[in-house]
Structures are given as structure tokens and as C-alpha cells.
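Student: Got a structure here, written out as C-alpha cells. Questions coming.
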Number of protein chains: 2
Amino acid sequence: MRYELYYWPTVQGRGEFVRLALEEAGADYIDVGRRRGRAPIEALIARKREKHPPFAPPVLKAGRRLIAQTANILLYLGARHGLTPKDEVNRMWVHQLQLTITDLVVEIHDTHHPVTSWLYYEEQKPAAKRRTADFWKYRVPKFLGYFERILTLSGGPYLLGRRLCYVDLSLFQIVEGLRYGFPKRMKRYEKKVPRVVALHERVAKRPRIAAYLASDRRIPFSQWGIYRYFKELDG
Amino acid sequence: MRYELYYWPTVQGRGEFVRLALEEAGADYIDVGRRRGRAPIEALIARKREKHPPFAPPVLKAGRRLIAQTANILLYLGARHGLTPKDEVNRMWVHQLQLTITDLVVEIHDTHHPVTSWLYYEEQKPAAKRRTADFWKYRVPKFLGYFERILTLSGGPYLLGRRLCYVDLSLFQIVEGLRYGFPKRMKRYEKKVPRVVALHERVAKRPRIAAYLASDRRIPFSQWGIYRYFKELDG
């Protein structure tokens, strides 16, 4: 089956978690927004006859099914492409970890837009500074420390042990994004989470992921995504 | 099986979505935090030997399993207590809707604490006013308008049609919370989402939910939860 991924054409965003899973699976998919030059996402979401209309992208079209919500898409893909355990207990555990990634993604975005997404960053700079300081003081240690602990428990190199799951790809992407948005802060912090860093390296070297990262299918980081770089926020 | 729910003892919070499902199911459960006078949640989360340690409450203990992340807990409970369809497509659809509720909950909380949770509301009042204005201008119409649309598609009275699912209970709780936090704004807005309001009324009258709401198991709304009332934010 050829999947269709509906997502904004110019940012990695939440769609990237899905792209990484599709790439690692070697799945046949079209990145619809990028293919046609413009994103027909709004049209898809507004489609009158759709039985299960999505709220927002990313959306995966699998045959006639439309599946939305990043973690939900990964739950679906994981089971079909060997990227999650077959037994229910561990499958829900991986999903639970992914939902924690979901929570973290919101907090990363809000570092540069804490007040509202309807103001430019420049209009909310003092708030962004305060939010970012607390993010690095309290939230990064809590989130990355948690994943470090899970890696210790599992024995690594992946969150479930020797076998890669889709949530490992997402954690890789979190490290990538934090390095882009906060290069100095992240460099300092990485010493505290060696297992998370090792996981990142290991994922980056997987043949399909390495090929994807080197291809033009990988959209570069930019100032329009979840992760943005502002010198004054990087401490 | 007697479930144990681990959640903060003094707020409805995210735990309430789980409580409502347990109550509607008539499930045997202990609200651990409230029973013992203090919440042993931190101890549970820090437990060294736990194979699947949760990141944060709410946590459901089901036999020896610990399940965290509200939407994940509901996915588990729904399947076991007839609160979600049996077929995979519709089960994932209900979960997808629940994940959209999850997103909305973060945005509701952030109306009164946009800058950071480490400052009092009084220290971030201008930001809260701006965030709240955008929340009601853009986000409430988008979210509640979406659920209104789903109810139109399903034919109502519930999001999947004639059969109640756990996400209906969560949408009921969203209406309850918005009425508490923003009584004037919500009163004005409700005219635009008659099906959402009708769902709320219908859920409130279900015998087990009505009994629960009238009991002291239902923690009252307060100024410490997700939903808080500030006159100046109620426009």
C-alpha cells in the first residue's frame, strides 16, 4: 500500500516524527504537500463527506482511512511495520512514551511563543526568555532525565532494549531539534544524558535513516518550525 | 479487578477524565491519593524496580500493570468496559478524538499561565489576558467547532452516534471546565455549538455520572486546577 502523508511542505514539524517512521520502515509513501507544490491539507480537512475528519495535520492516508494525531499515526504504522512490539502491554508502553514526547514537543514550541502564536517572537521576547529559562531549568531535566532513566532500565541502546521502536526515532528527532534551537545549552546538558545521546548517534547511523537525512526528502531546520534558534534564548 | 488511580488528591485535573470513565463503567477503583490522606504518587513514580515507570500522573494500576498518560489509560479502560467500539478503525478514531481533547486541555491551562508555571498568575496577568483573548477568538471556535461538526456527522447525541464512548465523557468535562473558568464567555459561545451543549446535558443525566457528580468523590472546581476563574479573563 502506498501511504499519503499530508503535512505542511516547508517545515519538519510534527510530520517529521511520521516521516522518520515511514523512512525506517522502508514504506512506500508520498509526501503530498511537497509533491504538488502546494499543500492540499486544508481541502482534506474540510472534506464534507469524510467520516473521520482530522482536526489538524499531520494526517496519514492509508487506503481509504484517514488517521490523524502524530502518536496515533505512529501507533498504527508501528504495528504494521515492525516498529513496536506485538504484545499489547509493550505496545501501549511504547505509545505511552510517545505521548510523553508529544507533551515535550508542545513545551519546546512554547519556549519561543509562550504568550500566543498570533504575535511574532519579537513581540514576546521577555516572556520567551523567562519561559526558556524555566524550560531548561526544570523541564528538560525532567523529560530527558526520564528518557535517560528508561534507557538505563532497558539496558539500551534503545528505549525497549535491543530492538528499535518508533519512539526511538522520535527521541532522536528531539535531540536533533534541541541541538538546532539551543546549541550551547544542549551541548552543556548532553553530558547528563549520555544514553540519550548514544541513542541519537545510533539512530543516525541506521542505513535508512542515514540515507534519508542525506536526501532532499529531509526538510532543513528553519525559523518556522517547532525548533527555532534565537541567540538570546540560548543562554 | 480493583483498579487504583494515582492522582493529586485536591484537583480534578487530568485525573478527572479517568474518574469519569471509571464511574460510568461502574468499575471498582480506589482513588489512592484521596483515600490515604496524602498522595503517594511521587513514591510510585520513583519506584526503582518498576519496569514501566510513569512520567507523571494520572497513573492507573491495573493488577501489576502501571498505565500512564490520560488518553492511553482511557484507551485501555475503554476496551475493557465497553466505552469504545470493538473494531480497530473506530477504536483508533475515538482515541484520535481523545488526543485532540488532550491538546485542548493544555491550551485551557495555558490561558492563565502562559509564560511559565513557575510564576503566579498575578505575575503574568497581561500575558494571560492576551493569551485568553486569542484562545477565545481562535482556539475555542476551532476546537469546539470541530466537535460540533463531528456530532453533526455522527447524527448525535454522542460523538460516535447513539453509543456513548469515553471521549463523550471528556467533552462533557471540557464544557464543565469552560463554564467554571469563563462563565460569561462560555454562555455567549454556547449558542454556536448546540450539539456540544446537548451532549453535555445528556452525559450529566446518565445515572452513574449524575450519582458521581452529586457525591463527594467529585472534587469541586478550584483555583488550583486546569480551569481557574479570573474575572478579568472572562472578558
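The values are calculated or read from the model by the stated rules, or taken from the named source; none is laboratory data. Keep in mind that what you see is a predicted model, and the values were worked out from it rather than measured. For neighbour counting, all protein chains shown are included, and Cβ atoms are generated from backbone atoms with ideal geometry for every residue, glycine included. What goes into the accessible areas is simple: the full protein's heavy atoms, side chains included, and nothing from ligands, DNA or RNA. Shrake-Rupley method; radii C 1.70, N 1.55, O 1.52, S 1.80 Å.
Student: Which trypsin sites (Lys or Arg not before Pro) in the range A:136-235 sit in a loop by DSSP (not H, G, I, E or B) and have at most 15 other Cβ atoms within 10 Å of their own Cβ? Please report the intermediate quantities before stating the final value.
Tutor: Working: sites: A:Lys137, A:Arg139, A:Lys142, A:Arg149, A:Arg162, A:Arg163, A:Arg179, A:Lys184, A:Arg185, A:Lys187, A:Arg188, A:Lys191, A:Lys192, A:Arg195, A:Arg202, A:Lys205, A:Arg208, A:Arg217, A:Arg218, A:Arg228, A:Lys231; in loops: A:Arg162, A:Arg163, A:Lys205, A:Arg217, A:Arg218, A:Arg228.
Qualifying residues, ordered by number: A:Arg162, A:Arg163, A:Lys205, A:Arg217.
Student: Starting from the range B:1-93, pick out the trypsin sites (Lys or Arg not before Pro) whose DSSP state is loop and whose Cβ has at most 14 other Cβ atoms within 10 Å. It would help to have the intermediate numbers written out before the result.
Tutor: Numbers: sites: B:Arg2, B:Arg14, B:Arg19, B:Arg34, B:Arg35, B:Arg36, B:Arg38, B:Arg47, B:Lys48, B:Arg49, B:Lys51, B:Lys61, B:Arg64, B:Arg65, B:Arg80, B:Lys86, B:Arg91; in loops: B:Arg2, B:Arg14, B:Arg36, B:Arg38, B:Arg47, B:Lys48, B:Arg49, B:Lys51, B:Arg64, B:Lys86.
In loop regions of the range B:1-93 (DSSP not H, G, I, E or B), the sparsely surrounded trypsin sites (Lys or Arg not before Pro) are B:Arg2, B:Arg36, B:Arg38, B:Arg47, B:Lys48, B:Arg49, B:Lys51, B:Arg64, B:Lys86.
Student: At 7 angstrom along the Cα-to-beta-carbon line, where would the label on B:Arg2 sit relative to the other copies? Give the distances in nm, shortest first.
Tutor: Ordered by increasing distance: 5.8 nm.
Student: In terms of the ratio Rg/(2.2 N^0.38 Å) built on C-alpha atoms, what value belongs to the protein assembly as shown?
Tutor: Rounded to two decimals, the normalised Rg is 0.94.
Student: While we're looking at this one, here's another question. Under 12 Å between alpha carbons, and skipping anything fewer than 8 positions from B:Lys205 in its own chain: which aspartates and glutamates qualify?
Tutor: Excluding near neighbours in sequence, the set is B:Glu24.
Student: Also, quick follow-up: For the range B:157-222, what number results from the quotient of the Cα radius of gyration and 2.2 N^0.38 Å?
Tutor: On the way: Rg = 12.2 Å, N = 66, 2.2 N^0.38 = 10.8 Å.
Cα Rg divided by the expected 2.2 N^0.38 Å: 1.13.
Student: Let me see the P(r) profile for the range B:107-235: every Cα-Cα distance counted, bins of 5 Å, each bin given as a percent of all pairs.
Tutor: Percent of pairs per bin, in order: 2, 10, 19, 21, 18, 15, 10, 4, 1, 0.
Student: Another question about this same structure. Using a label point 7 angstrom from Cα along Cα-to-C-beta, what distances in nm, from shortest up, separate A:Lys137 from the other copies?
Tutor: Computed spacing set for this position: 3.1 nm.
Student: Taking only DSSP H segments of four or more residues, each worth -39500 (n - 2.57), what value at 222 nm results for chain B once the sum is divided by all its residues, to the nearest 500 deg cm²/dmol? Provide the component values of the computation, followed by the final result.
Tutor: Numbers: 11 runs with 125 residues, N = 235.
One gets -16500 deg cm²/dmol as the mean residue ellipticity at 222 nm.
Student: Give me a comma-separated list of calculated 3J(HN,Hα) values for the range B:52-65, in order, Karplus coefficients 6.51, -1.76, 1.60 applied at θ = phi - 60°, integers in Hz, x for any Gly or Pro.
Tutor: So the Karplus estimates, Gly and Pro as x, are 10, x, x, 7, 7, x, x, 10, 10, 9, 10, x, 9, 7 Hz.
Student: Compute the semi-axes of the equivalent ellipsoid of the range B:24-100, taking the square root of 5 times each eigenvalue of the Cα gyration tensor, and list them largest first in whole Å. Present the calculation step by step, with values, prior to reporting the outcome.
Tutor: Working: eigenvalues 129, 43, 24 Å².
Its equivalent ellipsoid spans semi-axes of 25, 15, 11 Å.
Student: Once fully extended, how much extra length lies between B:Glu232 and B:Asp28, figured as 0.36 nm per residue of separation less the alpha-carbon to alpha-carbon distance?
Tutor: Working: separation 204, 0.36 × 204 = 73.44 nm, distance 4.17 nm.
That pair, B:Glu232 and B:Asp28, stretches by 69.3 nm at full extension.
Student: Give the cross-link partners of A:Lys192 among the aspartates and glutamates, using a straight C-alpha distance below 16 Å as the criterion and excluding same-chain residues fewer than 8 apart.
Tutor: Straight-line reach from A:Lys192, under 16 Å: A:Glu148, A:Glu201.
Student: Mind checking which aspartates and glutamates have their C-alpha under 15 Å from A:Lys231, skipping anything on the same chain fewer than 8 residues away?
Tutor: A:Glu122
Student: List every residue whose amide H lies under 5 Å from the amide H of B:Gly161, counting only residues 5 or more places away in sequence or on a different chain, with H placed 1.01 Å from N in the peptide plane.
Tutor: Residues meeting the criterion, in which the H sits 1.01 Å from N, are B:Gly156.
Student: Consider just the alpha-carbon atoms of chain B and return their Rg together with their Dmax, both in angstrom.
Tutor: Cα-based Rg and Dmax for chain B come out at 17.7, 52 Å.
Student: Which pairs, out of B:Lys142/B:Lys191; B:Lys142/B:Lys184; B:Lys125/B:Lys191; B:Lys137/B:Lys187, put more than 21 Å between their alpha-carbon atoms? Numbers along the way, then the final one.
Tutor: Details: B:Lys142/B:Lys191 15 Å; B:Lys142/B:Lys184 19 Å; B:Lys125/B:Lys191 29 Å; B:Lys137/B:Lys187 15 Å.
The pairs that break the limit, which is 21 Å between Cα atoms, are B:Lys125/B:Lys191.
Student: Please list A:Asp103, A:Asp234 from largest to smallest accessible area, probe radius 1.4 Å, with all protein chains kept in place. Show your work: numbers first, answer last.
Tutor: Details: A:Asp103 45, A:Asp234 5 Å².
Result, largest first: A:Asp103, A:Asp234.
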